[in-house]
Amino acid sequence: MDLFDYMRETNLKKESPLASRMRPRTLDEVVGQEHIVGKDKLLYRAIKADKLSSIIFYGPPGTGKTTLAKVIANTTKAEFCQINATSAGKKDMESVVEQAKNNQGMYGKKTILFIDEIHRFNKGQQDYLLPFVEDGTIILIGATTENPYFEVNRALISRSVIFQLESLSAEHIRTLLKRAISDKERGMGVYNAVLEEDALDFLADISNGDARLALNALELGVLTTEKSDDGLIHITLEVAGECIQRRVLNYDKDGDNHYDTISAFIKSMRGSDPDAAIYYLARMLYAGEDIKFIARRIMICAAEDVSNADPQALVVAVAAAQAVERIGMPEAQIILAQAVSYVASAPKSNSAVCAIEEAMRVVREEKTGTIPAYLMDAHYGGAKELGHGIGYKYAHNYKNHYVKQQYLPDEHKDAVFYRPSENGYEKNIREYFERIHEDPEE
């Protein structure tokens, strides 16, 4: 590299976006993705040992797919080539393959080919790579935001290890922002900028795990904000909101407004007002509330306020909770909206919560009753001598699969805990009890 090339490369690095400049150079600088690059994990060991096979990184934008490829480039002794599937053609691949053959034949050196957005390659382009991946001419690293099992040829999939990257947590984003604001070599440290705590929290939450989005907003804030009287650039909550083009809501996750909003959300579902419930859901989502926290509240409401008036409500809520963890934002908002509208529109009953609360009170405050002997376990030697299981009436042998029999201890034999309402499915439960109790066998 001559002096001109060196100066041009140096200037490009200085002028490149903050997110690009702050890319980790080594594995130890990587933030997040501990499940694949933790020190005891396969990928970490493979990179350290320079023993990579073909791999595909799959995950949402801003989670570190290209970053990990760059770390590999800085770590490996192999030749590293990079192309982007949105602009590269067959000639580009032919050039890389030719270079890889020369490296292998003349110098015994491996070649790693990193293809960003590999799902953009058509079937023919992917097929072209296959023999060279198979014979080891190139080691492929693909990066994609789409499910590779649908978007990448099966033959390439079978010859690659798939690593799924997860959205970065808010704490991960906080770490990256703190590093960027103070780093004087690659970050914004030379600007004497201060990222205020509430602005830091806001950017970490609102970026939804996308480190690039958070860093771009930070850079914009530092470069466009005037210094204050103290000679410092203050990145306030208001500045952060402007830079990420999101209105800052009065929503502090640790403050009163957080609890007021979640309270209104739950009471709206309980009060059978799906419009209000959806509105408060939108406020929480816009403010960056944890979708798993929201899903937990929906499940609780389904059990506490709907209960057996519509048993399907809990099924919908649990399915939604599982789905949002797998899918993430922004699509998770649709799933949450479905669950919220279902729970809010369902018939209501608090019979189950009243039942367990009264039963817990009895257990806590009153004498512990003795289980009737005929209900005790009789499946062990000596049980009969103790009278255990003797006299038990098997319900399925009787009319309506019901027989009149005392199940509660004598001390509480007249207690009633569960009182089905006349709403929804619980009306059926009430009628069922009335029917089987009309003329029971004894």
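Kindly indicate which of 152, 133 is more than 23 Å from residue 60 (Cβ to Cβ), among the β-branched types (Val, Ile, Thr), modelled with pLDDT under 90 and surrounded by 15 or more Cβ atoms within 10 Å (Cβ to Cβ).
After ruling out the rest, the residue left standing is 133.
Exactly one condition in (1) surrounded by 15 or more Cβ atoms within 10 Å (Cβ to Cβ); (2) not hydrophobic (A, V, I, L, M, F, W, C); (3) not assigned by TED's automatic domain parsing to the domain that holds residue 301 is not met by residue 333; state its number.
(3)
Quick one: in region 33-83, which of the residues that are within 18 Å of residue 212 (Cα to Cα) and in a strand (DSSP E or B) is farthest from the chain's Cα centre (by Cα)?
Top of the filtered list is 57.
Search region 389-403 for residues that are closer than 14 Å to residue 436 by Cβ and pair each with any residue that is at pLDDT 85 or above when their beta-carbon atoms are under 7 Å apart and the residues are at least 6 apart or on different chains.
From residues that are closer than 14 Å to residue 436 by Cβ, the pairs are 395/401.
Hey, among 15, 29, which residue is within 30 Å of residue 178 (Cα to Cα), exposed (fewer than 14 other Cβ atoms within 10 Å of the Cβ) and modelled with pLDDT under 85?
15
Among 86, 63, 76, which is among the polar types (S, T, N, Q), touching a helix residue (DSSP H, G or I) at 6+ places or on another chain (Cβ under 8 Å) and loosely packed, with under 15 Cβ neighbours inside 10 Å?
86
Determine the pairs where a residue that is in contact (Cβ under 8 Å) with a residue 24 or more places away in the chain, located within region 89-106, has a partner that is among the acidic types (Asp, Glu) with Cβ atoms under 8 Å apart, the partner being 6 or more residues away or on another chain.
Once the first residue is in contact (Cβ under 8 Å) with a residue 24 or more places away in the chain and sits in region 89-106, its partners that are among the acidic types (Asp, Glu) give 100/79; 103/79.
Filter region 115-130 for residues that are assigned to a helix (DSSP H, G or I) and surrounded by 13 or more Cβ atoms within 10 Å (Cβ to Cβ) and give the result.
118, 119, 120, 125, 126, 127, 128, 129, 130
Could you tell me whether any residue of region 356-378 is under 42 Å from the mean Cα position of the chain (by Cα) and surrounded by 15 or more Cβ atoms within 10 Å (Cβ to Cβ)?
yes
Which one of these is touching a residue at least 24 places away in the same chain (Cβ under 8 Å), of a type in the set (A, V, I, L, M, F, W, C) and not in a helix (DSSP H, G or I): 112, 157?
When all the criteria are applied, what remains is 112.
Go through (1) touching a Lys or Arg at 6+ places or on another chain (Cβ under 8 Å); (2) among the polar types (S, T, N, Q); (3) farther than 20 Å from residue 359 by Cα; (4) at pLDDT 85 or above and name the single condition residue 428 misses.
For residue 428, the exception is condition (1).
Do you know which residues across region 101-116 are closer than 12 Å to residue 52 by Cβ and not aromatic (Phe, Trp, Tyr)? Before the answer, list the steps.
Filtering region 101-116 down to residues closer than 12 Å to residue 52 by Cβ leaves 110-114.
Result: 110, 111, 112, 113.
When region 230-250 is examined, which residues are found to be at pLDDT 85 or above and of a type in the set (A, V, I, L, M)?
232, 233, 235, 237, 239, 240
Is at least one residue of region 341-360 part of a helix (DSSP H, G or I), closer than 30 Å to residue 60 by Cβ, among the aliphatic types (A, V, I, L, M) and touching a residue at least 60 places away in the same chain (Cβ under 8 Å)?
yes
Return the only residue of 219, 171 being over 30 Å from residue 134 (Cα atoms) and out of contact with any helix residue (DSSP H, G or I) (no Cβ under 7 Å at 6 or more places or on another chain).
171
Of the residues 267, 253, 227, which is modelled with pLDDT of 90 or more, among the charged types (D, E, K, R) and not in a helix (DSSP H, G or I)? Explain how you work it out, then say what you get.
Numbers: 267 fails: not in a helix (DSSP H, G or I); 253 fails: modelled with pLDDT of 90 or more.
Going through 267, 253, 227 in turn, just one is modelled with pLDDT of 90 or more, among the charged types (D, E, K, R) and not in a helix (DSSP H, G or I): 227.
The values are calculated or read from the model by the stated rules, or taken from the named source; none is laboratory data. All figures in this text were calculated on a predicted structure; none of them were measured in a lab. Cβ coordinates were reconstructed from backbone atoms using ideal geometry, including for glycine residues, and neighbour counts include every protein chain displayed.
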